[in-house]
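Trainee: Below are the structure tokens for one structure; questions will follow.
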Amino acid sequence: MRIYELHFFDDEGRRPLLDFHDGADDHDALRAAAALLARHASCAGVEVHDGDRIVGRLERANLGSV
């Protein structure tokens, strides 16, 4: 298991929320990030990080693609 950082951002680029996810792989972390983003109406998107590596960036408008 890896520990992924989920950096949520709003429409103005601020980062009001940070969360973590223990995941088996990158795809699992992205699915978890999409589910959490759906619960945070004030956030426009989320970046998923595995240490210094950016796994992906999801925006609310594109949630159907995960």
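The values are calculated or read from the model by the stated rules, or taken from the named source; none is laboratory data. Quick caveat, the model's predicted, so the values are computed rather than measured. Using ideal geometry, Cβ is built from the backbone for each residue, glycine included, and neighbour counts are taken over all protein chains shown. To get the accessible areas, we keep the full protein, side chains included, count just its heavy atoms, and leave off ligands, DNA and RNA. Shrake-Rupley method; radii C 1.70, N 1.55, O 1.52, S 1.80 Å.
Trainee: Calculate how steeply helix 26-39 sits against the longest principal axis of the alpha-carbon atoms of the chain, using the helix alpha-carbon long axis, and give the answer as 0 to 90 degrees to the nearest 10.
Mentor: That helix lies at roughly 30 degrees to the long axis.
Trainee: Something else: Heavy-atom accessible area per residue, the chain, 1.4 Å probe: how many Å²? If you can, show how the numbers build up before the last one.
Mentor: Numbers: 4080 Å² over 66 residues.
Per-residue accessible area for the chain comes out at 62 Å².
Trainee: Just going by the charge dipole of the chain, with Lys and Arg at +1 and Asp and Glu at -1 on Cβ, which of 41, 51, 1 is farthest out on the positive end?
Mentor: In the chain, that residue is 41.
Trainee: Now for a different question. What is the spin-label model distance, in nm, from residue 31 to residue 60 if the labels are put 7 Å beyond Cα along the C-beta direction?
Mentor: Between residue 31 and residue 60, the simple spin-label model gives 2.4 nm.
Trainee: Please list, in order along segment 54-61, the HN-Hα scalar couplings obtained from phi with the Karplus expression 6.51 cos²θ - 1.76 cosθ + 1.60 (θ = phi - 60°), rounded to whole Hz, x for Gly and Pro.
Mentor: Result, ordered by residue: 7, 6, x, 10, 10, 10, 3, 5 Hz.
Trainee: Compute the Cα gyration tensor for the chain, then decide on rounded, prolate or oblate, letting a ≥ b ≥ c be the square roots of its eigenvalues: rounded whenever a/c is under 1.5, prolate when a/b is larger than b/c in the other cases, and oblate in all that remain.
Mentor: On the way: a/c = 1.86, a/b = 1.41, b/c = 1.32.
Because a/c hits 1.5 or more and a/b exceeds b/c, the chain counts as prolate.
Trainee: About its Cα centre, how strong a charge dipole does the chain have in debye, to the nearest 20, once Lys and Arg get +1 and Asp and Glu get -1 at the Cβ? Provide the component values of the computation, followed by the final result.
Mentor: Details: 8 positive and 13 negative charges, 33 e Å.
It comes to approximately 160 debye.
Trainee: Using a 1.4 Å probe on the protein chains only, how many percent of the accessible area of the chain belongs to carbon and sulfur? Mind showing how you got there, number by number?
Mentor: Working: 1970 of 4080 Å².
With neighbouring chains kept in place, the figure for the chain is 48 percent.
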